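Here is the structure we will look at.
The values are calculated or read from the model by the stated rules, or taken from the named source; none is laboratory data. Every value quoted in this text rests on a predicted model; they were computed, and no experiment measured them. As a convention, Cβ positions derive from the backbone with ideal geometry for all residues, glycine included, and neighbour counts pool all protein chains shown. To get the accessible areas, we keep the full protein, side chains included, count just its heavy atoms, and leave off ligands, DNA and RNA. Shrake-Rupley method; radii C 1.70, N 1.55, O 1.52, S 1.80 Å.
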Amino acid sequence: MLVFLLNRLWQSVILLLIVSIIGFTILNLMPGGPLAQFALDPGMTQADMDRLAEQMGLNRPLPVQYFDWLMRMLQGDWGTSFRDGVPVLDVIGRHLFATLLLMGSSTVIAIAIGTWIGIRGATHRYSMFDYSATVGAMVALSIPTFWFGLVGIYVFSLRLGWVPAGNMYTIGDGSVLNYLHHLILPSIVLSLVNVAVWSRYMRSATLDVINQDFVKTARAKGLTERRVLMKHVVGNALLPMITLAGMQLPSILGGALVTETVFTWPGMGRLFLDSLGYSDYPVVMGILMFSAFLTVLGNLIADVVIAMVDPRIRLG
Amino acid sequence: MSTIPLSEPRSRWWHSRAVRRFARHRLALIGVVMITALTLACVAGPWLLPYDQLYIDLRARFAPPMTGQHYLGTDPLGRDIAARLLMAGRTSLLVGVCAMVLSTLLGAFVGVVAGYRGGWVGASLMRMVDAFLAFPSIFLVLALAALLKPSPTMITIIIALTSWMEVARIVEAEVRSLREREFVQAGRMLGLSRSHIMFREILPNAMGPIIVAATLTVARAILLEAYVSFLGYGIQPPLPSWGNMLNGAQQYLASAPWLAIVPGITITMAVTSFNFIGDGLRDALDVRSGPG
């Protein structure tokens with residue numbers, strides 16, 4: 001187990017290094033490089049710019065700059081926002097809760113509904129339900145998230161008035177119920193794609209398990225069908241889903257960005273777009289790197305959890 | 001697994017098993033019909049409609065669908081939505097298909113090299129694939145589109161740069177499993193060059209999975225273009241695209257919902273068609289299925 005852990009950890013470190021190289025390349029792609037904010041000031045002469053570049057070490061070879069940048073990132077210095085001079089990590093931290101809340105609740109919805117559809121599709125294979133679930137999942141994967149959000153707002157807040165059309169809470173009302181009321185529609189919108197993905201995987205994972213010997217044994221022992229399903233089939237079918245949950249992280253984050261924009265949800269995605277609008281590159285870069293780190297970390301955790309639950313992987 | 005067609009007797013391609021299976025796949029046929037109709041409409045439609053997509057009629061702003069000859073209504077400037085929708089379709093479909101071609105070429109190249117060379121080269125290439133997959137693609141596309149001045153060509157390249165990884169993974173796995181087969185060893189014994197073996201001998205055997213992945217990549221690319229254009233960093237007006245037609249739709253949602261509904265349904269139709277076709281191809285070409 002220890003060897004597996006160390007091995008996996010080592011792979012993640014390598015991956016993070018490559019991620020950081022990609023990030024650094026993008027950083028240097030931007031017009032004006034890290035000096036972009038100063039170039040906006042009409043009082044700056046070329047001589048001033050050169051002096052600044054020298055002060056900030058931008059005239060050094062790129063590999064040296066990269067290592068310097070990497071070291072500072074590791075020490076928690078991700079630069080400061082052009083917009084309000086606050087350290088990037090603090091800005092991200094301020095918006096993290098809203099995003100995690102949205103992602104968390106939509107993941108819960110997706111897992112609950114997706115698991116149910118997947119299992120029912122597998123146990124009632126080629127039934128009307130299974131067929132509609134298959135087609136439905138493909139259509140759901142084709143609907144642009146933001147458009148689904150717009151339709152949701154139009155129907156459920158503008159026409160029916162059941163839920164608010166945006167924001168995370170009503171100003172002056174910080175109650176949990178108020179948060180939940182605002183949370184319902186965006187989390188359902190965000191979960192659509194994941195319900196589709198999750199139910200497809202759950203269906204094939206259940207089909208993989210459902211005819212194996214241990215399930216037949218459980219049936220032969222005279223357990224009720226329900227008990228066989230819940231205890232023996234679902235438990236084993238859910239295992240590979242842990243890996244899937246890790247793999248889905250980037251797409252959920254991307255979906256969150258779009259959902260937050262439509263619902264004026266004060267999370268990281270909105271922050272990203274606002275920062276793009278203000279050319280606030282340190283924050284843009286910070287969020288880009290942060291989301292990649294989050295994904296690598298998520299995959300690592302998923303692998304470790306699955307190795308703890310499933311002894312076959314540890315040995316293999 | 002795809003077969004090696006060398007020893008099979010030559011027969012017409014439309015008699016092949018794959019074509020017959022595809023023709024039996026109802027969803028795939030629906031997809032083909034939908035996307036053909038949509039493409040024809042986008043190519044020929046703008047000439048048949050009474051209005052030009054750029055003609056501004058301020059007296060007919062916010063006309064709901066089916067007023068006069070504005071079959072799908074007008075936008076906030078009084079431009080005909082049907083005309084804009086079809087012109088936008090040309091842009092969006094073209095961006096989607098071109099991005100697919102670019103990303104498939106790139107992904108197949110990386111996949112073949114990584115799978116055939118293996119070892120140090122293969123491992124580092126595949127770590128690169130993993131690293132790109134760690135970024136949410138929308139974030140990456142937005143950041144690049146904001147940094148590099150967006151033109152339709154640039155958007156296509158950016159989308160391709162963020163969607164080649166899937167193909168690379170599929171091809172790498174496929175090539176790795178074929179690398180030690182007899183026909184490859186025979187090729188080596190004959191003294192064929194490495195690139196000849198990689199691209200002329202092995203790659204054709206991975207065509208099935210590549211075609212399936214490429215079809216699904218078109219769907220993905222159309223969606224990505226819609227996302228970035230909706231957010232204002234993709235195709236720039238006045239050139240219409242399905243994404244940027246939705247750009248201002250949210251503020252008029254209560255008074256003019258058709259502004260949002262019409263392009264949204266069109267995007268969904270186009271993307272669904274490609275997903276259906278991809279599913280049909282997966283069955284027809286006997287590609288081991290991933291999800292579902």
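Here are the numbers:
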| read-out | value |
| --- | --- |
| Test result for A:L150, free of Cβ contacts under 8 Å to residues at least 24 places away in the same chain and either assigned to a helix (DSSP H, G or I) or within 14 Å of chain B (Cβ to nearest Cβ) (or both) | no |
| Residues of segment B:191-208 that turn out to be surrounded by fewer than 17 Cβ atoms within 10 Å (Cβ to Cβ) and out of contact with any Leu (no Cβ under 9 Å at 6 or more places or on another chain), as a count | 8 |
| Residue list for segment B:112-140, filter: assigned to a helix (DSSP H, G or I), facing chain A (nearest Cβ under 9 Å) and among the hydrophobic types (A, V, I, L, M, F, W, C) | B:M128, B:A131, B:F132, B:L133, B:A134, B:I138, B:F139, B:L140 |
| Residue list for segment A:150-207, restricted to those being of a type in the set (F, W, Y) and at pLDDT below 85 | A:W162, A:Y169, A:Y179 |
| A:N178 open to solvent by less than 30 Å² (accessible area, probe 1.4 Å), farther than 30 Å from B:P263 by Cβ, free of Cβ contacts under 8 Å to residues at least 40 places away in the same chain and away from chain B (no Cβ under 12 Å) | yes |
| Qualifying residue in segment A:231-248 (condition: open to solvent by 40 Å² or more (accessible area, probe 1.4 Å), among the polar types (S, T, N, Q) and more than 18 Å from the chain's Cα centre (by Cα)) | yes |
| Neighbours by Cβ (under 7 Å, 6+ apart or cross-chain): first from segment A:222-241, among the small types (G, A, S); second surrounded by 16 or more Cβ atoms within 10 Å (Cβ to Cβ) and part of a helix (DSSP H, G or I) | A:A237/A:M202; A:A237/A:A205; A:A237/A:T206; A:A237/A:V209 |
| Residues that are touching an Asp or Glu at 6+ places or on another chain (Cβ under 9 Å) and either open to solvent by less than 40 Å² (accessible area, probe 1.4 Å) or in contact (Cβ under 8 Å) with a residue 24 or more places away in the chain (or both), drawn from segment A:273-298 | A:L273, A:D280, A:V283, A:V296 |
| Segment A:229-281, residues that are of a type in the set (S, T, N, Q), within 14 Å of chain B (Cβ to nearest Cβ) and either in contact with a Gly (Cβ under 8 Å, 6 or more places away or on another chain) or in a helix (DSSP H, G or I) (or both) | A:T243, A:Q248, A:S251, A:T259, A:T261, A:T264, A:S275 |
| Single unsatisfied condition, A:I92 versus (1) under 24 Å from A:S279 (Cβ atoms); (2) in a helix (DSSP H, G or I); (3) open to solvent by 80 Å² or more (accessible area, probe 1.4 Å) | (3) |
| Scan of segment B:57-75 for residues that are open to solvent by less than 50 Å² (accessible area, probe 1.4 Å) and part of a loop (DSSP other than H, G, I, E, B), ordered by number | B:D57, B:A63, B:G73, B:D75 |
| Segment A:127-144, residues that are open to solvent by 30 Å² or more (accessible area, probe 1.4 Å) and more than 9 Å from chain B (Cβ to nearest Cβ) | A:S127, A:M128, A:F129, A:Y131, A:S132, A:G136 |
| Enumerated helices (runs of 4 or more DSSP H) restricted to segment A:8-84, each holding at least 2 residues that are modelled with pLDDT of 75 or more and open to solvent by 70 Å² or more (accessible area, probe 1.4 Å) | A:46-55, A:62-74 |
| Number of positions in segment B:46-81 that are farther than 17 Å from B:S255 by Cα, in contact (Cβ under 8 Å) with a residue 60 or more places away in the chain and aliphatic (A, V, I, L, M) | 1 |
| Segment A:164-191, residues that are assigned to a loop (DSSP other than H, G, I, E, B) and either closer than 16 Å to A:T107 by Cα or of a type in the set (S, T, N, Q) (or both) | A:N167, A:T170, A:S175 |
| Residue match in segment B:147-154 (condition: over 30 Å from B:V262 (Cα atoms), within 14 Å of another protein chain (Cβ to nearest Cβ) and of a type outside the set (S, T, N, Q)) | yes |
| Boolean, B:R188 is among the charged types (D, E, K, R), assigned to a helix (DSSP H, G or I), more than 12 Å from chain A (Cβ to nearest Cβ) and surrounded by fewer than 23 Cβ atoms within 10 Å (Cβ to Cβ) | yes |
| Residue tally, condition within 14 Å of chain B (Cβ to nearest Cβ) and touching a helix residue (DSSP H, G or I) at 6+ places or on another chain (Cβ under 6 Å), over segment A:196-228 | 10 |
| Subset of segment B:20-31 [among the hydrophobic types (A, V, I, L, M, F, W, C) and open to solvent by 50 Å² or more (accessible area, probe 1.4 Å)] | B:A23, B:L29, B:I30 |
| Complete set of residues in segment B:127-163 that are aromatic (F, W, Y) and surrounded by 22 or more Cβ atoms within 10 Å (Cβ to Cβ) | B:F135, B:F139 |
| Members of segment B:76-111 that are crowded, with 19+ Cβ neighbours inside 10 Å and outside any helix (DSSP H, G or I) | B:R79, B:D80 |
| Qualifying residues in segment B:253-269 (those that are of a type in the set (A, V, I, L, M) and within 10 Å of chain A (Cβ to nearest Cβ)) - the one farthest from B:L77 (Cα to Cα) | B:M269 |
| Among the candidates B:V121, B:V167, B:V113, residue that is farther than 29 Å from B:L94 by Cα, out of contact with any strand residue (DSSP E or B) (no Cβ under 6 Å at 6 or more places or on another chain) and hydrophobic (A, V, I, L, M, F, W, C) | B:V121 |
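Residue by residue, here is whether (1) surrounded by fewer than 19 Cβ atoms within 10 Å (Cβ to Cβ); (2) not in a helix (DSSP H, G or I) holds:
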| position | (1), (2) |
| --- | --- |
| B:E180 | yes, yes |
| B:I210 | no, no |
| B:L216 | no, no |
| B:A221 | no, no |
| B:V262 | no, no |
| B:M269 | yes, no |
| B:F274 | no, no |
| B:I277 | no, no |
